[in-house]
Amino acid sequence: MGFIADALSRVKPSATIAVTNKARELKAAGRDVIGLGAGEPDFDTPDNIKAAAIAAINEGKTKYTAVDGIPELKQAICTKFERDNELKYEPNQITVGTGGKQVLYNALMATINPGDEVLIPTPYWVSYPDMVLLAGGEPIVVHADKETFKVTPEALEAAITPKTKWFIFNSPSNPSGAGYTRAELKALTDVLMRHPHVWVMSDDMYEHLVYDDFEFTTPAQVEPGLYERTLTVNGVSKAYSMTGWRIGYAGGPVELIKAMAKIQSQSTSNPSSISQWAAVEALNGPQHFIPKNNEVFKGRRDLVVTLLNQAEGLSCPVPEGAFYVFPSCAGVIGKTSPSGKVLETDLDFAAELLETEGVAVVPGSAFGLGPNFRVSYATSTEALTEACKRIQRFCAALK
């Protein structure tokens, strides 16, 4: 219990949840609040996927399944990896979990020993460091370039030690939306090839949400030499608008997949049978709606980047993918808000923005990099336009 208590003492409450809860409280009190914190598409799940779930219910496919996925879904995932990523996996190399988060967690729990280090580039998804801590490891932050939000080969090389167990890689990124080109990724995999004790955990959840002819690639695709020590993680949440269905999956070495199944068998057991059958249809069925959705997202991205760069003191780079922007608010740090509060951090900026203008964003420090903040543009154009106008007004009122 001592280890668990120590790990929990170092785990931070989710900033996203905190912002969402505060925004909910203000709404309940009658405030007009625009939430830009949600990390999920606002599109509905496609009808063919919903129909597959209904059919599964009607056909009685409502019992326990194999712990880490039905054969039909594992085969669909194998087909997807070969079709989209040039990666050849067999069903015994595939695991299915209750969302991508569980897959990542299972892998860390199955492999981390006390003292093992896990390299995590900034800005990072908030759960990475805490999952490492709960598994008994030590999260090691690798500082990315503050302009591009990408880690350099030199920074990666410098962070690797004999204790390094994993390198967690996420492209396009949550929270920045930054995506690594094939050449940039190859430079990183060249480093990893020089350190055969380091495994790679590639979180590809935003694979299909890319813009401006950006070409998505994944580490084991770019460098086949990493195949035997790479866990390629993905899911149906983002591209298929299935966040609530909770299906994530991964391909990797057989022994790792077996170890992850043991963890899952003693925790949640199988993911929802209905969701699994829906995911089969998602991966095997029509994919034409994905580029259509991406056109909408791209328009929203361009709108938000333009409007935020018109706000005094803010600087917002153009991301390659996902549905987030990660602007810097360094230009307003030290100024005073209309309430008299001096903005000393991005946390202050987000709190005062919510109180003053009713716009909920997530502070960048929650993702390991500030002074920045994350805006999700997975909401309506009207809401985004109004929210950005409020942000402009808030920044203009700072003294």
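Ala378 is checked against (1) open to solvent by less than 50 Å² (accessible area, probe 1.4 Å); (2) in a helix (DSSP H, G or I); (3) not basic (Lys, Arg) and fails just one. What number does that condition carry?
All conditions pass for Ala378, except number (2).
Mind checking which residues of region 203-219 are among the hydrophobic types (A, V, I, L, M, F, W, C), farther than 21 Å from Gln276 by Cβ and buried (at least 24 other Cβ atoms within 10 Å of the Cβ)? Can you show your working first?
Here is the first cut: in region 203-219, the ones among the hydrophobic types (A, V, I, L, M, F, W, C) are 205, 209-210, 214, 216.
Okay, now just the ones that are also farther than 21 Å from Gln276 by Cβ, so 209-210, 214, 216.
Scanning region 203-219 gives a single hit, Leu209.
Please indicate, with yes or no, whether at least one residue in region 153-174 is in contact with a Pro (Cβ under 9 Å, 6 or more places away or on another chain), under 30 Å from Ser275 (Cβ atoms) and part of a helix (DSSP H, G or I).
Checked region 153-174: no residue is in contact with a Pro (Cβ under 9 Å, 6 or more places away or on another chain), under 30 Å from Ser275 (Cβ atoms) and part of a helix (DSSP H, G or I).
Yes/no matrix, rows are residues, columns are (1) closer than 17 Å to Ile160 by Cβ; (2) surrounded by fewer than 23 Cβ atoms within 10 Å (Cβ to Cβ); (3) among the hydroxyl-bearing types (Ser, Thr, Tyr):
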| residue | (1), (2), (3) |
| --- | --- |
| Asp190 | yes, yes, no |
| Met201 | yes, no, no |
| Gln221 | no, yes, no |
| Gly225 | yes, yes, no |
| Ala239 | no, yes, no |
| Val254 | no, yes, no |
| Ala259 | no, yes, no |
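When region 197-244 is examined, which residues are found to be of a type in the set (D, E, K, R), touching a residue at least 12 places away in the same chain (Cβ under 8 Å) and part of a loop (DSSP other than H, G, I, E, B)?
Applying the first criterion (of a type in the set (D, E, K, R)) to region 197-244 yields 203-204, 207, 212-213, 215, 223, 228-229, 238.
With the extra rule that they be touching a residue at least 12 places away in the same chain (Cβ under 8 Å), the set shrinks to 203-204, 207, 212, 215, 223, 228-229, 238.
Matches in region 197-244: Asp204, Glu207, Asp212, Glu215, Glu223, Lys238.
Residue pairs, Cβ under 6 Å, 6 or more apart or interchain, first in region 299-315 and closer than 19 Å to Pro363 by Cα, second open to solvent by 20 Å² or more (accessible area, probe 1.4 Å) and in a loop (DSSP other than H, G, I, E, B). List them.
Val305/Val318
Kindly list the number of the only condition in (1) open to solvent by less than 30 Å² (accessible area, probe 1.4 Å); (2) within 18 Å of Asn234 (Cα to Cα) that fails for Leu119.
(2)
Any idea how many residues of region 342-364 are under 16 Å from the mean Cα position of the chain (by Cα) and assigned to a helix (DSSP H, G or I)?
So the count comes out to 1.
Between residues in region 93-116 that are open to solvent by 30 Å² or more (accessible area, probe 1.4 Å) and residues that are among the polar types (S, T, N, Q), which pairs lie under 7 Å by C-beta distance while being six or more apart or on different chains?
Thr98/Thr268; Lys101/Ser127
The values are calculated or read from the model by the stated rules, or taken from the named source; none is laboratory data. Note that the structure is a prediction, hence the values are computed from the model and not measured. Positions of Cβ are generated from backbone atoms using ideal geometry, with glycine treated the same way; all protein chains shown enter the neighbour counts. Remember, those area values only see protein heavy atoms, side chains included, never the ligands or the DNA or RNA. Shrake-Rupley method; radii C 1.70, N 1.55, O 1.52, S 1.80 Å.
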